[in-house]
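Take a look at the structure set out below.
What follows is calculated from the coordinates using simple rules that are stated; it is not laboratory data. Here the structure is a predicted model, which means the values were calculated and not measured.
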Amino acid sequence: MKKIELIPLVGIQIEGIGQVDFGASRADVQSVLGAPSDALDDQYYYDELELRLDFNGRGVLEFIESINGPNPEKTEISIYGVNPFRVEAAELVTILTDKNQGEVDDAEAGYCYTFLNSSVGIWRQMTEEDVQEEIEEIKADGEYEDNADMLLEDLEKSKFFWTIGIGVEGYYVP
């Protein structure tokens, strides 16, 4: 497992590879990370690192996202000394709020939060409450046994955020 540290407002440090800072050009990024697995418009995807990197209109790095949570297969992500995919959702929101020391955009509370001072964003598709409601509906329909494994897997996955991204200062504008 590659260890990747997300450093808000700075960039990432990858164990055994090096550091990539915001403001780096595409060539600078490739000199550290090599050629991307895929490149679409202003985005580089690195499958082995489970990362997406976004470049602005001037071709400089402005956003980095870990895209395979909550169960990355090839990487171990950290931010502020914790693995955001091993810390349950409410605790992660608390940690990121404390480190942010300012306004948090929680317009999509439960699913998505953006921490405006630190330019950190987290997202998940479903909450525990969503899955519990689905379980009750499926039980009422008498179809729980046929779907139990999938529902229990979803319930466990819903306890965590699925992506975390960091951007340049001001990346998230309310």
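Measure nothing but the geometry: give the 0 to 90° angle between the long axis through the Cα atoms of 144-157 and the longest principal axis through the Cα atoms of the chain, rounded to 10°.
Helix 144-157 sits roughly 30 degrees off the main axis of the chain.
If you compute percent of Cα pairs over 23 Å apart for the structure shown, which of (i) 63; (ii) 38; (iii) 44 do you land on?
(iii)
Suppose only helical runs count, i.e. DSSP H with n ≥ 4. What mean residue ellipticity at 222 nm does that imply for the chain under -39500 (n - 2.57) per run, divided by all residues and rounded to the nearest 500 deg cm²/dmol?
Calculated at 222 nm, the ellipticity per residue is -8500 deg cm²/dmol.
Taking Cα atoms, how many degrees apart are the long axis of helix 89-100 and the longest axis of the chain, rounded to 10 and kept between 0 and 90?
Around 30 degrees separate the two axes.
Can you give the relative contact order of the chain as a percent, counting alpha carbon pairs under 8 Å and 6+ residues apart?
It comes to 25 percent, rounded to a whole number.
Helix 128-140 versus the longest principal axis of the chain: what angle, 0 to 90°, nearest 10, using Cα atoms?
30 degrees
Largest first and to the nearest Å, give the Cα extent of the range 23-94 along each principal axis.
Reported extents, whole Å, longest axis first: 36, 23, 20.
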